[in-house]
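*Asks:* Sending over a structure as structure tokens; questions will come in a sec.
The values are calculated or read from the model by the stated rules, or taken from the named source; none is laboratory data. The structure presented is a predicted model; accordingly, all values stated were derived computationally and were not measured. Cβ placement follows ideal geometry from the backbone for every residue including glycine, while neighbour counts extend to all protein chains displayed.
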Amino acid sequence: MLKKYHKEYKNSFFINNNKGDYMAKTGITRRIDELGRLVIPKEIRNNLKIKNNDQVEISIIDNKIVLSKFNILDKDKVISYLLKCIRKTINKNILLTTRDEVIDYSLNSKEKLDKKELTKDIVDLIESRKDVINFKLKEYLYNIYPVIVNGDLYGSLIIYDFSEINDKEIEIIKFSKMFLENYLE
């Protein structure tokens, strides 16, 4: 039931405040402590890829408390335009990611990105919080630039292509990363 529910509501977990109707469907109940805190069960956090220090958006929809994994990078047109400008300038594919999935992209070809989930290798490189230049994975060379705001890892800019990235392109990406970090601050 949880997997079906996850697909329908995309990275959200609902708690019905009308006598626990939703909780009966999942079989999971939790008490709210004296400070108003609620522990989200590990199974649900794992299923939605919620990690320590991730931001969670809280809203109310139809008498339901809605907790959604939140990432500011996912909701901004300025950032989408930035990606297109970078791609046109350096003529390489570019991805904007959270820590574990692609949330926006601009590709040189007309093809669409089929899979938005990142491989474990790429996730580990993002989590290292260090710029990675010309990392070979299958036929592509990847360049990974983590986006860190106030010490929090938000995601990354990833540039990939068959050819190596040159010094001028690295400077353009570093400038774009700095713009993103300051814009999100």
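*Asks:* So residue 65 fits all but one of (1) surrounded by 12 or more Cβ atoms within 10 Å (Cβ to Cβ); (2) under 15 Å from residue 181 (Cβ atoms); what number is the exception?
*Replies:* (2)
*Asks:* For the range 85-174, please list each of the strands (runs of 3 or more DSSP E) lying entirely inside it that holds at least 1 residues being aliphatic (A, V, I, L, M), outside the structural domain of residue 50 (by TED's automatic domain parsing) and out of contact with any strand residue (DSSP E or B) (no Cβ under 7 Å at 6 or more places or on another chain).
*Replies:* Because the criterion is at least 1 residues that are aliphatic (A, V, I, L, M), outside the structural domain of residue 50 (by TED's automatic domain parsing) and out of contact with any strand residue (DSSP E or B) (no Cβ under 7 Å at 6 or more places or on another chain), the strands (runs of 3 or more DSSP E) in the range 85-174 that meet it are 132-137, 140-149.
*Asks:* Exactly one condition in (1) touching a Ser or Thr at 6+ places or on another chain (Cβ under 6 Å); (2) modelled with pLDDT under 80 is not met by residue 87; state its number.
*Replies:* Checking residue 87 against (1) touching a Ser or Thr at 6+ places or on another chain (Cβ under 6 Å); (2) modelled with pLDDT under 80, the one that fails is (2).
*Asks:* Going by the conditions given, is residue 116 loosely packed, with under 12 Cβ neighbours inside 10 Å and closer than 22 Å to residue 52 by Cα?
*Replies:* No; evaluated as a whole, the condition is false for this residue.
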